[in-house]
Amino acid sequence: PTPTATPTPTATPTPTATPTPISGTNLYPYPITSSHSLGNGAFALDVRVSNVSDLGGFQFTLHFDPNILHAEDASLGPFLGSTGRNASPLGPDIDNSAGKITFGGFSYGSQPGASGTGVIAHIQFSPQRTGSTSLTWSDDTLSDTQGNAIAHGVINGSVTITQ
């Protein structure tokens, strides 16, 4: 008998998700979707703003399922004060019964406001049980250094808590 060569399958590459660039001025959680383990305790999510010009202040209310998450704290991210302006937080006001956190910040000084894309806030969450929750926005405002509203959109997110 003569051995017959059997073709060896060639590995097929698995597609890798490529992040979609965010166009326009938007407020969004980062990462937009994330997964965390119940046993690993508290975790932080960033709140980012994209493609903004002369940002002087912001405020938002972020909603979540209080059966899945509790908000523990919020702090300013580096973006608001990135041009050398003094930045101060407003809040946080946390209502874990209703599943919402309201937070904001303002800046002052003679420098221009922040422009581009960056982290405006860090929110600390603690997982309560396994499951998924949407992250949605209300009462969101962005303003320039003169106090004028900056038109923007929002991108909702989601968090999954695993065992």
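Read-outs throughout are calculated quantities, based only on the coordinates presented, and are distinct from any laboratory measurement. Note that the structure is a prediction, hence the values are computed from the model and not measured. Reconstructed Cβ throughout: ideal geometry from the backbone, glycine too, with neighbour counts over all protein chains shown.
Here is how the numbers come out for the structure above:
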| item | result |
| --- | --- |
| Length gained when the stretch Asp46-Gln163 is fully extended (0.36 nm per residue, less Cα-Cα span) | 39.8 nm |
| Which label in [x] 39, 23, 12; [y] 31, 19, 15; [z] 34, 16, 12 gives the computed semi-axes √(5λ) of the Cα gyration tensor in Å | [x] |
| Options Thr141, Ser34, Phe79, ranked by Cα towards positive dipole end of the chain, top entry (Cβ charges) | Ser34 |
| Distance from segment 120-162 to segment 74-106 (C-alpha centre basis), Å | 11 Å |
| Inter-probe distance in nm under a simple model that places probes 7 Å from Cα toward Cβ, at Ser97 and Ser115 | 4.6 nm |
